[in-house]
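These notes concern the structure reproduced below.
The values are calculated or read from the model by the stated rules, or taken from the named source; none is laboratory data. Note that the structure is a prediction, hence the values are computed from the model and not measured. Ideal geometry is used to build each Cβ from the backbone, glycine not excepted, and the neighbour counts take in all protein chains shown.
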Amino acid sequence: MTIASDEILLVTPVWNDSSRLAGFGEDLAKVLAGSLLPIRWVIADDGSGAREQQLLNQLCASFEKIFPRVELHVEKMHVGKGSIVRNAWKLSPDAAWYAFVDADGSVTPEEVLRLIETAVSGGSTALGIRKRTAETRVEVSLWRRLVHRGFLIAVRLLLVLRCDDPQCGAKVLQGTGYRKVSRELRENGLAFDSELLFALKRKGEGWIEVPLNWTEKEGGKVKPMRDAWGMLAALVRIRCRKSA
């Protein structure tokens, strides 16, 4: 029997993101350095190319001076966010926790650590959600809010999945639960979050939803108008695979 380690494997997926990672990554390194949790941070590059990887190596070296448990993982080809996150998680097959956070800084490093601490202290998978409360602020354009609402309705109708925000770019998964579903996951694109949650639900794995402070950033890779149809098609694929 394999005994899980106590490691928390945090992945930041990047694709031509060195400029955005520079500021966010340094701040995240400082926050992680102040934590006593056994966090291993992997910056996972989804086939950005030689020049970009050179910049990432330089950034990683500078972050390492602040937080020693950081490393760069590089894939040769660009496949998609889902693929790079799953491949990076394979670096620690027996981790106690698997987490990821986007590199754009929409979720601050302090909020990332708060989400990890919430998951670990509660012993449960924890999903960051963009939700205004008395304690949290969400700054997002009206257009993106409308697209998000439409996708949320599609997730509920097609996957019968109840989650206030399946696409938020910050999640912490209990390792035992993730390993139950990891071999079933196929979506390499932006809908991988929804597939992941759908698979966890089918295995009887629950989660808690944690409202986070979230600020929309410029220069993001997600283009709601361009990507909406592809994500909708992915939801149909997910449903059809499980119905087959």
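Hey, which of the strands (runs of 3 or more DSSP E) in segment 1-117, taking only ones fully inside, have at least 1 residues that are without any contact (Cβ under 8 Å) to a residue 60 or more places away in the chain and within 30 Å of SER141 (Cα to Cα)?
Numbers: elements: 8-14, 39-46, 70-75, 97-101.
The strands (runs of 3 or more DSSP E) meeting that bar are 39-46.
The requirement of being touching a helix residue (DSSP H, G or I) at 6+ places or on another chain (Cβ under 7 Å), within 28 Å of ARG202 (Cβ to Cβ), among the charged types (D, E, K, R) and surrounded by 15 or more Cβ atoms within 10 Å (Cβ to Cβ) is fulfilled somewhere in segment 78-85, by at least one residue.
Mind listing just one residue for me: the one in segment 95-115 that is among the aliphatic types (A, V, I, L, M) and within 21 Å of ASN16 (Cβ to Cβ) and, of those, nearest to the chain's Cα centre (by Cα)? Filtering first and then ranking leaves VAL101.
For GLU52, state whether it is buried (at least 17 other Cβ atoms within 10 Å of the Cβ), among the acidic types (Asp, Glu), farther than 28 Å from ILE129 by Cβ and more than 17 Å from the chain's Cα centre (by Cα). Taking the combined requirement at face value, the residue satisfies it. Considering (1) exposed (fewer than 13 other Cβ atoms within 10 Å of the Cβ); (2) under 25 Å from TYR98 (Cα atoms); (3) in contact with a strand residue (DSSP E or B) (Cβ under 9 Å, 6 or more places away or on another chain); (4) among the basic types (Lys, Arg), the lone condition that ARG137 does not fulfil carries the number (2). Taken over segment 149-171, the criterion of being surrounded by 13 or more Cβ atoms within 10 Å (Cβ to Cβ), touching a residue at least 40 places away in the same chain (Cβ under 8 Å), under 19 Å from the mean Cα position of the chain (by Cα) and outside any strand (DSSP E or B) is satisfied by PHE151, VAL155, LEU161, CYS163, ASP165, CYS168, GLY169.
So, of the residues in segment 172-181 that are touching a helix residue (DSSP H, G or I) at 6+ places or on another chain (Cβ under 7 Å) and within 18 Å of GLU7 (Cβ to Cβ), which turns out to be surrounded by the most Cβ atoms within 10 Å (Cβ to Cβ)? First the steps, then the outcome.
Filtering segment 172-181 down to residues touching a helix residue (DSSP H, G or I) at 6+ places or on another chain (Cβ under 7 Å) leaves 172, 177, 181.
So of that shortlist, the ones also within 18 Å of GLU7 (Cβ to Cβ) come out as 172, 177.
Details: VAL172: 26, GLY177: 19.
Selected residue: VAL172.
Residues that are touching a strand residue (DSSP E or B) at 6+ places or on another chain (Cβ under 6 Å) and of a type in the set (Lys, Arg) within segment 32-73 comprise ARG40, ARG69, listed in sequence order. When segment 212-225 is filtered for residues that are crowded, with 16+ Cβ neighbours inside 10 Å and either among the polar types (S, T, N, Q) or at pLDDT 95 or above (or both), the ones remaining, listed by number, are LEU212, ASN213, TRP214. Exactly one residue out of GLU195, GLU209 is closer than 23 Å to ALA119 by Cα, modelled with pLDDT of 95 or more and buried (at least 18 other Cβ atoms within 10 Å of the Cβ), and it is GLU195.
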